[in-house]
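The values are calculated or read from the model by the stated rules, or taken from the named source; none is laboratory data. Computed from a predicted structure; not experimentally measured. Using ideal geometry, Cβ is built from the backbone for each residue, glycine included, and neighbour counts are taken over all protein chains shown.
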Amino acid sequence: MSSYCFFCDEPLAAFDPGDPSGEVRLAFDPHLGRLWQVCPRCTRWNPVPLEERWETLEACERLATRRGRILVEGEHLTLLAAGGTQLIRVGEALRLEFSDWRYSRRLDPHLPGGPGLLTRMILDLPESPAGGVTFHGVPRFPDLAWIVSPFQEHARLLTALLLHAPLADACPSCGAPLAVEPAAFGGVRLIREGAGPRLVATCAFCGVASAVPLREGRAVLRAALAVVGRSHRDPEEIAGAATLLDGAGGAEPFIDELGRSELTLDVMDTDERIALAIGLDEEAETEALEAEWREAEELAAIMDDELTEVPGFEEFRARVLEGGQSFPDDADASPGTRP
Ligand SMILES: [Zn+2]
Ligand SMILES: [Zn+2]
């Protein structure tokens, strides 16, 4: 089990459904066999890769039915408390209800210990400095690329993420890892081409806009969309996004439609971006279920990874942290790292 929130790096307490004394909030779906640990700070649902999936879920179900005190009851989801542990039991809910519980601020007042000041700050305030910090922790003046980015308030977290993992293992144009300059994340777009949706991003190594199958870049895109979407948690906003997905006939047709519009992430409407994030979570988690939840949950896989150490990636990281947004046509490009 991972011990840090994938989205904000908060340590996640270990849990044992047989001993509900710890202050944790879990969400579980006894029908499909899914389990998430809810971060006490940013409230995002972290998929829990389980060795003993069904045993753990059975223990959750036992705890919920025998000792659970209902705090909030929805049509198909229930928030229960047993000791310090909170359980969100997911029934066979429709997208609208499930999304509301998972992505909106509706359950915040029931957080163990209440919605602390820290939670409200993390969720509602910009995490300045917008320019990020240097390798030595000194705030940096935001460079031009960030100033024009609508995601500048997320600069620090986006930088941390995109320096942790490239969008895809290899840029189709130069073969280096498809690293995305953090300030250029808003320029990533979906297109519809050939067999399915593809992601187009400008490679930080060769400067060429390259397309990779969405499936390849999905994990990093999901994580990045969670970062830039973290302040959009109004129940109406989430309902609007879920309605877009419903209107399109589901995640796949919605993402298809979005790909046809070829909009970059920074010019999509907020509700389209939230819907994309929800749709990608849905697709990934469905695939993980069809395979083996523990092996296939891609966020969990990145979460467990050490920093990506592929040739060239370390130089990219150093360049972004120390030198700002230089591109490889600048003097400090590292052609030696290309294959
Ligand atoms: Zn978190
Ligand atoms: Zn490239």
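The listed residues are Asp108, Asp29, and the only one of them that is within 16 Å of ligand 1 (Cβ to nearest atom) and either in contact with a strand residue (DSSP E or B) (Cβ under 7 Å, 6 or more places away or on another chain) or acidic (Asp, Glu) (or both) turns out to be Asp108.
State whether one or more residues within region 164-174 are closer than 15 Å to Gly217 by Cβ, modelled with pLDDT under 90 and of a type in the set (A, V, I, L, M, F, W, C). Yes: region 164-174 contains one or more residues that are closer than 15 Å to Gly217 by Cβ, modelled with pLDDT under 90 and of a type in the set (A, V, I, L, M, F, W, C). The number of residues in region 29-56 being in contact (Cβ under 8 Å) with a residue 12 or more places away in the chain and either charged (D, E, K, R) or in the same structural domain as Gly229 (by TED's automatic domain parsing) (or both) comes to 6. Tell me, yes or no, whether region 246-256 has at least one residue that is within 18 Å of the chain's Cα centre (by Cα), of a type in the set (A, V, I, L, M, F, W, C) and outside any strand (DSSP E or B). Yes, some residue in region 246-256 is within 18 Å of the chain's Cα centre (by Cα), of a type in the set (A, V, I, L, M, F, W, C) and outside any strand (DSSP E or B). Looking across Val220, Val208, Val188, one residue alone is surrounded by fewer than 19 Cβ atoms within 10 Å (Cβ to Cβ) and either at pLDDT 90 or above or among the hydroxyl-bearing types (Ser, Thr, Tyr) (or both). It is Val208.
Can you name every residue in region 169-192 that is outside any loop (DSSP other than H, G, I, E, B) and in contact (Cβ under 8 Å) with a residue 60 or more places away in the chain? Walk me through it before giving the result.
Of all residues in region 169-192, those outside any loop (DSSP other than H, G, I, E, B) come to 178, 182-187, 189-192.
Once the filter is applied, which keeps residues that are outside any loop (DSSP other than H, G, I, E, B) and in contact (Cβ under 8 Å) with a residue 60 or more places away in the chain, region 169-192 yields Pro182, Ala183, Ala184, Phe185, Gly186, Gly187, Arg189, Leu190, Ile191, Arg192.
Scanning region 227-239 finds one or more residues that are part of a helix (DSSP H, G or I) and under 15 Å from the mean Cα position of the chain (by Cα). Before we move on, is Trp54 modelled with pLDDT under 85, aromatic (Phe, Trp, Tyr) and either away from ligand 2 (no atom under 16 Å from the Cβ) or farther than 19 Å from Tyr4 by Cα (or both)? Here the answer is yes, as Trp54 does meet what is asked.
If you go through region 231-248 one residue at a time, do you hit one that is touching a Gly at 6+ places or on another chain (Cβ under 8 Å) and at pLDDT 95 or above? Yes.
Can you tell me which residue within region 131-160, out of those that are aliphatic (A, V, I, L, M) and surrounded by fewer than 21 Cβ atoms within 10 Å (Cβ to Cβ), is modelled with the lowest pLDDT?
Residues of region 131-160 that are aliphatic (A, V, I, L, M), as a first pass: 133, 138, 144-145, 147-148, 155, 157-158, 160.
Now restrict to residues that are surrounded by fewer than 21 Cβ atoms within 10 Å (Cβ to Cβ): 133, 138, 144-145, 147-148, 160.
Working: Val133: 53, Val138: 58, Leu144: 72, Ala145: 73, Ile147: 79, Val148: 79, Ala160: 82.
The residue in question is Val133.
Look at (1) closer than 30 Å to Trp101 by Cα; (2) within 16 Å of ligand 2 (Cβ to nearest atom) and you find that Glu237 fails only one, number (2). Residues of region 161-180 include at least one that is in the same structural domain as Asp281 (by TED's automatic domain parsing), surrounded by fewer than 21 Cβ atoms within 10 Å (Cβ to Cβ) and within 16 Å of ligand 1 (Cβ to nearest atom).
Please determine, by comparing only the residues of region 51-89 that are of a type in the set (A, V, I, L, M, F, W, C) and under 29 Å from Val228 (Cβ atoms), which one is nearest to the chain's Cα centre (by Cα).
Here the answer is Ile88.
Go through region 206-227 and count every residue that is touching a Lys or Arg at 6+ places or on another chain (Cβ under 7 Å) and among the β-branched types (Val, Ile, Thr).
Going through region 206-227, the residues touching a Lys or Arg at 6+ places or on another chain (Cβ under 7 Å) turn out to be 211-214, 225-226.
Next cut, among the β-branched types (Val, Ile, Thr) only: 212.
Looking only at that region, the number is 1.
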